[in-house]
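The values are calculated or read from the model by the stated rules, or taken from the named source; none is laboratory data. Model, not experiment: these values are computed from the prediction. FYI the Cβ positions are ideal-geometry reconstructions off the backbone, even for glycines, and counts take in every protein chain you see.
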Amino acid sequence: MAVHQPDFASLDCFSLASSPTANRKSSPSVYKLMDSLPTVLLKPGEADRVLAGHPWIYQGSVLRLTQPAQDGDLVQVKDHRQRFLGVGFFNSKSKIHVRMLAPERVAADEAFFEQAVRSAIAVRIKHLPNATSFRVVNAESDFLSGLVVDKYEDVLVLQTSSLGMDRRKPLILDALQRILSPRAIVERNEISSRKFEGLPDANGVIAGQFDGRLAVQLNGLQFEVDLLGGQKTGLYLDQQVNYQRVGGLIARSPEAQVLDCFSFIGGFALHAAQAGAAHVHAIDQSEEAVAAGARNAAANGLEAKCSFEAANVFDWLKAQTMAKPHEKVIPRFDCVILDPPSFTRNRSAVPDALRGYKEIHLRALKLLKTGGTLATFCCSHHVDAATFQDVILAAAFDARRTLRRVTVYSQSPDHPVIPAIPETEYLKGLAFEVVR
Ligand code: SAH
């Protein structure tokens, strides 16, 4: 099959400044345009967060508008003393009244998007030089609140979760076509956050020809993805680097028996098998995900080492660790991977989530042999790394196990963390060895 690969050699990041359509410096006409933009004045004390780089301006931070603004339009933002802070997209329907786009006077035109996408790609080329599939734009992480673009080989997947970005989809598509020459672009806009912006669901191929199915290469392994119907925008790209790092741990324990809980289509399972595990058992509650996982194992010649089971991990772990009085659970795994979905949608759900995390860790630790490895992840922004570790330690205490921490994980670098925007940091992971 002849597959058109985007020519990454042509993504010369160092030529950005000289790109004629990508000049971020404002021309006098842009200044004129900006002066006519409606101005959102902030209340005293509300400017610092914006100055530090946080793009969200809540309704409660707004003092007043100097003239009416249309939802989805560009506005300029100033502090209460009329000092210019930048420009952003306005939406009176959203609790986030303004999503800042830039601290300068920019027009939200194709040149702006082209330059912003090129800057984002430069980060990926620097930190994921060998990846052919990755998140090209990660919203706030790339100072493009409301825009996510994923690259799966030669197909792009787009999500626009703010009205301002959604309106500019044609400009964004043109910029993406120019930079990446994709075979097709798919829209995956059936996300709940669009409702808060007054946007309807949308899903489908919006450029080029594509039936939805694609074989994606991650770290030398092949994964079949369904870009029109799969979870997320197709794969959990934020784990790309961690797959390799967990594989590295498994490579150090020959003939390991591995359990991959919440496996989805086998990201960790296949990397573990490839790294030399004797056997990997992968569990996910989604029938389609485990079926795809089994197909992926076969496509990589790893089917003899992998088994996939559709089950609820909570029930499965419980059944495996139920012991009659005076009976002991026999630990039988050298490595357990836990990568559950976020159990928290908001802060109020945290206590329940922590109970859930504790439960699965307690049971996983009972199944781990002494000397074995637990690699565990938490993708909830509301549970920070310290709280997550505390839960694991509480589980270890109850299981009477002592742990040695050997690795700390974060999200892959195509999901950049901007500390001034705490919401950009959500995935954390820890690996422990069971000392006794
Ligand atoms: N480790 C995966 C990503 C996991 S995302 C990867 O790297 O690709 C979380 C997964 O947990 C989803 O596939 C979802 O179907 C599954 N899931 C959610 N709740 C579950 C439960 N109670 N039992 C089993 N699987 C569950």
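The set of residues in region 293-333 that are at pLDDT below 95 and touching a strand residue (DSSP E or B) at 6+ places or on another chain (Cβ under 8 Å) comprises Pro331, Arg332. Would you check if there is a residue in region 236-250 being surrounded by 15 or more Cβ atoms within 10 Å (Cβ to Cβ) and part of a strand (DSSP E or B)? Among the residues of region 236-250, not one is surrounded by 15 or more Cβ atoms within 10 Å (Cβ to Cβ) and part of a strand (DSSP E or B), which makes the answer no. For first residues located in region 364-377 and in contact (Cβ under 8 Å) with a residue 40 or more places away in the chain, partners that are within 14 Å of the ligand (Cβ to nearest atom) and of a type in the set (Asp, Glu) and lie 6+ apart or on another chain with Cβ distances below 9 Å form the pairs Ala375/Asp339; Thr376/Asp339; Phe377/Asp339. The number of residues in region 400-436 that are more than 23 Å from Ile250 (Cα to Cα) and not aromatic (Phe, Trp, Tyr) comes to 13.
Looking at region 419-436, which of its residues are of a type in the set (Val, Ile, Thr) and crowded, with 18+ Cβ neighbours inside 10 Å? Even if it seems obvious, please write down each step before you answer.
Here is the first cut: in region 419-436, the ones of a type in the set (Val, Ile, Thr) are 421, 424, 434-435.
Residues satisfying the conditions are Ile421, Thr424, Val434.
Could you tell me whether Leu374 is buried (at least 22 other Cβ atoms within 10 Å of the Cβ), modelled with pLDDT of 95 or more and touching a Lys or Arg at 6+ places or on another chain (Cβ under 6 Å)? For Leu374, the condition - buried (at least 22 other Cβ atoms within 10 Å of the Cβ), modelled with pLDDT of 95 or more and touching a Lys or Arg at 6+ places or on another chain (Cβ under 6 Å) - is not met.
A residue that is touching a residue at least 12 places away in the same chain (Cβ under 8 Å), part of a strand (DSSP E or B) and among the hydrophobic types (A, V, I, L, M, F, W, C) occurs nowhere in region 160-180. In summary, Leu158 fulfils each of the numbered conditions (1) within 16 Å of the ligand (Cβ to nearest atom); (2) at pLDDT 95 or above with the single exception of condition (1). For the criterion of being out of contact with any Phe, Trp or Tyr (no Cβ under 9 Å at 6 or more places or on another chain) and assigned to a strand (DSSP E or B), Ser253 fails. Here region 293-313 is the region considered, the condition is being among the small types (Gly, Ala, Ser) and near the ligand (Cβ under 10 Å from one of its atoms), and the residue that is farthest from Gly220 (Cα to Cα) is Ala311. Scanning region 276-292 for residues that are more than 11 Å from the ligand (Cβ to nearest atom) and free of Cβ contacts under 8 Å to residues at least 24 places away in the same chain yields a count of 1. For region 329-353: of the residues being among the polar types (S, T, N, Q) and under 21 Å from the mean Cα position of the chain (by Cα), which is nearest to the ligand (Cβ to nearest atom)? Among them, the one singled out is Ser342. Restricting attention to region 258-270, the residues that are assigned to a helix (DSSP H, G or I), near the ligand (Cβ under 9 Å from one of its atoms) and in contact with a Leu (Cβ under 9 Å, 6 or more places away or on another chain) add up to 2. Just so you know, in region 181-198 the residues that are modelled with pLDDT of 95 or more and part of a loop (DSSP other than H, G, I, E, B) include one that is surrounded by the fewest Cβ atoms within 10 Å (Cβ to Cβ), and it is Ser181.
Would you confirm, using the coordinates I've provided, whether Thr387 is under 28 Å from Ala297 (Cβ atoms) and either within 16 Å of the ligand (Cβ to nearest atom) or assigned to a helix (DSSP H, G or I) (or both)?
Details: under 28 Å from Ala297 (Cβ atoms): no; either within 16 Å of the ligand (Cβ to nearest atom) or assigned to a helix (DSSP H, G or I) (or both): yes.
In short, no.
Checking Leu214, Leu218 one by one, the residue that is buried (at least 18 other Cβ atoms within 10 Å of the Cβ) and more than 30 Å from Val406 (Cβ to Cβ) is Leu214 and no other.
Taking region 102-120 as the range and being closer than 16 Å to Leu147 by Cβ and either of a type in the set (Val, Ile, Thr) or not in a helix (DSSP H, G or I) (or both) as the test, the residues that pass are Ala102, Val106, Ala108, Asp109, Val117. Quick check on region 419-436. Is at least one of its residues assigned to a helix (DSSP H, G or I), of a type in the set (A, V, I, L, M, F, W, C) and more than 21 Å from the chain's Cα centre (by Cα)? No, there is no match, as no residue in region 419-436 is assigned to a helix (DSSP H, G or I), of a type in the set (A, V, I, L, M, F, W, C) and more than 21 Å from the chain's Cα centre (by Cα).
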